[in-house]
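The next block holds one structure in the form of structure tokens; read it before the comments.
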Amino acid sequence: MKEDLTIWTVYHKDGLLAEYPIQNPETHKYYAAHGDDRGEGINKLNPAWSELVAIYYLWRNGLKSEWIGINHYRRQFEPERLPEVGECCCYAKYDLGDTILDHYGKCHHREDLETAIAVIDYRCGESNPYSEYLRTSRTLLGNICFVMRWEEFCDMCEWLFPILNHIKTSLIGSTHYFDEELELWRDKAVRDFGEERADYQMRTISFIGERLVSAWIATNMNIIQIARVNPQP
């Protein structure tokens, strides 16, 4: 595939590279979410923000290709054809059985997604399609893995990150230092889930972000492909 496509494969530990090699070096590049930031980035927040740190860095630093993709190191895929304007390829669509909000409440802390919906209502109006999707849809475009055109990627980021920062402030307050923010996310997870589950559940903003990415894509784009090339749990 000779087109201007870059699929960024996000990983968070150096030892993972040998175990999960890039499938197609012509189109895939590694993004070290735990590495030092060069430019404007939030990699140090990876324990809470997960793959969102890569999306933020690529957007804020203008690492442009005509088509841009995000893959998780265990969830790599290649589009069968490149999306046109208004189209998107995704890695997986999950039929939850419950609404996204109800399902979130079974896996995490329901009140956090309710807070996120309230923030979206405030910023986008109470009749916005994103909150409606989160309240009523029973399908989730999961894992923050997709391929879309650069311009639409930027449109999504310009919507997504101001809302996530507003949600962060609503949930843990205003922070000025990365270490302080990570401590606040973990403290919240300990209160909500206990010490044993805190390292996993401190990724509240990432779990919410995954659902917001799904809401934006489902609301604004036509899904042309669900491509679970190497499905992993």
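Tell me, yes or no, whether segment 77-86 has at least one residue that is touching a helix residue (DSSP H, G or I) at 6+ places or on another chain (Cβ under 7 Å), touching a residue at least 40 places away in the same chain (Cβ under 8 Å) and either within 24 Å of Phe178 (Cα to Cα) or among the aliphatic types (A, V, I, L, M) (or both). Looking through segment 77-86, none of the residues is touching a helix residue (DSSP H, G or I) at 6+ places or on another chain (Cβ under 7 Å), touching a residue at least 40 places away in the same chain (Cβ under 8 Å) and either within 24 Å of Phe178 (Cα to Cα) or among the aliphatic types (A, V, I, L, M) (or both). For segment 75-97, a residue qualifies if it is open to solvent by 40 Å² or more (accessible area, probe 1.4 Å) and either out of contact with any His (no Cβ under 8 Å at 6 or more places or on another chain) or modelled with pLDDT under 95 (or both), and the qualifying residues are Glu78, Glu80, Arg81, Glu84, Val85, Lys93, Tyr94, Asp95.
Selection of strands (runs of 3 or more DSSP E) fully inside segment 1-79 by the criterion of at least 2 residues being of a type in the set (Val, Ile, Thr) and out of contact with any Cys (no Cβ under 9 Å at 6 or more places or on another chain) returns 5-11. Given (1) open to solvent by less than 60 Å² (accessible area, probe 1.4 Å); (2) more than 30 Å from Leu16 (Cβ to Cβ), identify the lone condition not met by Tyr104. For Tyr104, the failing item is (2). Across segment 114-167, the qualifying residues are those that are hydroxyl-bearing (Ser, Thr, Tyr) and assigned to a loop (DSSP other than H, G, I, E, B), and the one among them that is most open to solvent (accessible area, probe 1.4 Å) is Ser127. The set of residues from segment 87-106 being out of contact with any Leu (no Cβ under 7 Å at 6 or more places or on another chain), touching a residue at least 40 places away in the same chain (Cβ under 8 Å) and either of a type outside the set (Asp, Glu) or within 19 Å of Trp159 (Cβ to Cβ) (or both) comprises Glu87, Cys88, Cys89, Tyr91, Ala92, Gly97.
I'd like to know if segment 50-70 contains one or more residues that are within 21 Å of Leu140 (Cβ to Cβ), crowded, with 18+ Cβ neighbours inside 10 Å, touching a Gly at 6+ places or on another chain (Cβ under 6 Å) and touching a residue at least 40 places away in the same chain (Cβ under 8 Å). Looking through segment 50-70, at least one residue is within 21 Å of Leu140 (Cβ to Cβ), crowded, with 18+ Cβ neighbours inside 10 Å, touching a Gly at 6+ places or on another chain (Cβ under 6 Å) and touching a residue at least 40 places away in the same chain (Cβ under 8 Å). Selection over segment 172-189 of residues that are at pLDDT 95 or above, under 23 Å from Ile117 (Cβ atoms) and either loosely packed, with under 14 Cβ neighbours inside 10 Å or touching a Ser or Thr at 6+ places or on another chain (Cβ under 6 Å) (or both) gives a count of 2. Counting the residues of segment 102-150 that are on the phi > 0 side of the Ramachandran plot and among the small types (Gly, Ala, Ser) gives 1.
The values are calculated or read from the model by the stated rules, or taken from the named source; none is laboratory data. The structure displayed is predicted, hence computed values, not measured ones. Quick reminder, even Gly has a Cβ in these numbers, built from the backbone with ideal geometry, and neighbours come from all protein chains shown. Note: accessible area is taken over every heavy atom of the protein model, side chains too, but ligands, DNA and RNA are not part of it. Shrake-Rupley method; radii C 1.70, N 1.55, O 1.52, S 1.80 Å.
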